[in-house]
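For reference, the structure is listed below as structure tokens.
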Amino acid sequence: MSVIRVGIIGIGAQTRENLLPSLLQIPDIHIVAACDSELERARLLRSYVKDAGNYADVGEMLDNEQLDALVMACPPQAHRDIAMQAMLRGLHVFVEKPPCFTLVELEELADMAEQQGLVTAVGLNFRFARPIQHIRSVTASHAFGRTMHVQINHYANKPRTPLWGMQSTLRSFLLAQAIHSIDLATVFGSGEIVDLYSSVQRDTESLLARIDIAFASGVSASILTGTMFPYFEFDMKVISDRSTMISLDNLWNITLHELEHATRTAGSDKRWRGAWQPSPLDSGYVRSGYLGELSGFFDAIRHQQAFEGDFASLLPTFHIIEHMCREERPTPDLQAPVFGNRPINQRVTTNAQFS
Ligand code: NAD
């Protein structure tokens, strides 16, 4: 496939601010059409791609345009329904996080992708953010040693009310925010989950969550997160069996701590630490990971390979989310899946058993 023909669905804030500027930097793709239920938003794309078709109805766009792939940033119920419809037509799909509401829905999406032999991607840009990529390459090196523990502090102050027509603030928070840190824990854990503990403390509006995960790989991970914090902050540490530790402050500064650190200038000294920051020359979309995740998706299509952040890769993350929501009472499934935006009223499943 030389040029990949792309349709974009949902021309809201995320597409306009992050996905579209990244897509416009990627070679060998052609943005053919845009769709938004508010047609005026779809028309905005014409300012960037002159001949792009614009639609208010996804079915109409799929019928009229010859597309290879879709990129979507809508509410999750639209991601789920439109991804299903597009995959049935043989299109590769990239959906922003979250791809759907529940583990059962994600399993259905992953099964459909496998049956149809399609490339899928979920927009979890933290995985591809420049500092995280750097930590991934350092921790994969022989010199770092074997990763033993990952500690993540992911502080937030929203959402404090339910999103997307759901009833649960906890599920909304997990799907909107904590999905990034849980996904990262599973990336560094790189294996099956063998044990899981989670607790949620609440006050009237906000919540505080602790998650401890043990992986079959021997890696453990702990996450402190929630909406009880004054502002957003993201820090992480990875510790190896060689007493090497790499730490990331606020998704920016990286420090490597070793038992003994040697530099050419200062020689060998226990008090020196190695430091790293993204290059000021990296574009904002490289630093934030949006360019990396989208480029990876299109490369996977071109090389007919699975993409590392596909629907199936998110199954462990959704197992953890279901585990954390298990105390919440399932409400009846009031609405069957629909093609569009109607709320699904929290179809909670309780099938995650690890301990
Ligand atoms: P938004 O409300 O600004 O935009 C959503 C757009 O989708 C709207 O223009 C809406 O009209 C359109 N839409 C909804 N249903 C549709 C349908 N059935 N067909 C066509 N168009 C439809 O929301 P947003 O802030 O852009 O967020 C969109 C998605 O991006 C969400 O899933 C959100 O979680 C995700 N997001 C991810 C990150 C990240 O860090 N990766 C950051 C922000 C947002």
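Cβ-Cβ distances below 6 Å connect the following pairs, each with a first residue in region 41-59 that is farther than 20 Å from Ala78 by Cα, a second residue that is within 10 Å of the ligand (Cβ to nearest atom) and part of a loop (DSSP other than H, G, I, E, B), and a separation of six or more residues or different chains: Leu44/Ile11. Considering Thr227, Thr204, the condition of being free of Cβ contacts under 8 Å to residues at least 24 places away in the same chain and either surrounded by 14 or more Cβ atoms within 10 Å (Cβ to Cβ) or not aliphatic (A, V, I, L, M) (or both) is satisfied by Thr204 alone. The residues on offer are Val58, Val32, Val71, and the sole one that is of a type in the set (A, V, I, L, M, F, W, C) and more than 12 Å from the ligand (Cβ to nearest atom) is Val32.
Of all residues in region 184-197, count the ones that are modelled with pLDDT under 95 and outside any loop (DSSP other than H, G, I, E, B). Please lay out each step first, then the result.
Taking region 184-197 and keeping what is modelled with pLDDT under 95, we get 190-192.
From the residues that got through so far, the ones that are outside any loop (DSSP other than H, G, I, E, B) too are none.
So the answer is 0.
When the residues of region 31-69 are filtered to those that are among the acidic types (Asp, Glu) and over 25 Å from the mean Cα position of the chain (by Cα), the one that is farthest from Ile9 (Cα to Cα) is Asp51.
Taken together, the residues in region 104-120 that are crowded, with 24+ Cβ neighbours inside 10 Å and in contact with a Leu (Cβ under 8 Å, 6 or more places away or on another chain) amount to 2.
Does Met166 meet the test of being within 16 Å of the ligand (Cβ to nearest atom) and farther than 20 Å from Ser137 by Cβ? The answer is yes for Met166.
Tell me, yes or no, whether region 35-44 has at least one residue that is among the acidic types (Asp, Glu) and touching a strand residue (DSSP E or B) at 6+ places or on another chain (Cβ under 8 Å). If you could, list the steps in order and put the result at the bottom.
Let us first name the residues in region 35-44 that are among the acidic types (Asp, Glu), namely 36, 38, 40.
Narrowing the set further to residues that are touching a strand residue (DSSP E or B) at 6+ places or on another chain (Cβ under 8 Å) leaves 36.
Yes, region 35-44 has at least one match.
The values are calculated or read from the model by the stated rules, or taken from the named source; none is laboratory data. On a predicted model such as this, the values are computed, not experimentally measured, just so you know. Reconstructed Cβ throughout: ideal geometry from the backbone, glycine too, with neighbour counts over all protein chains shown.
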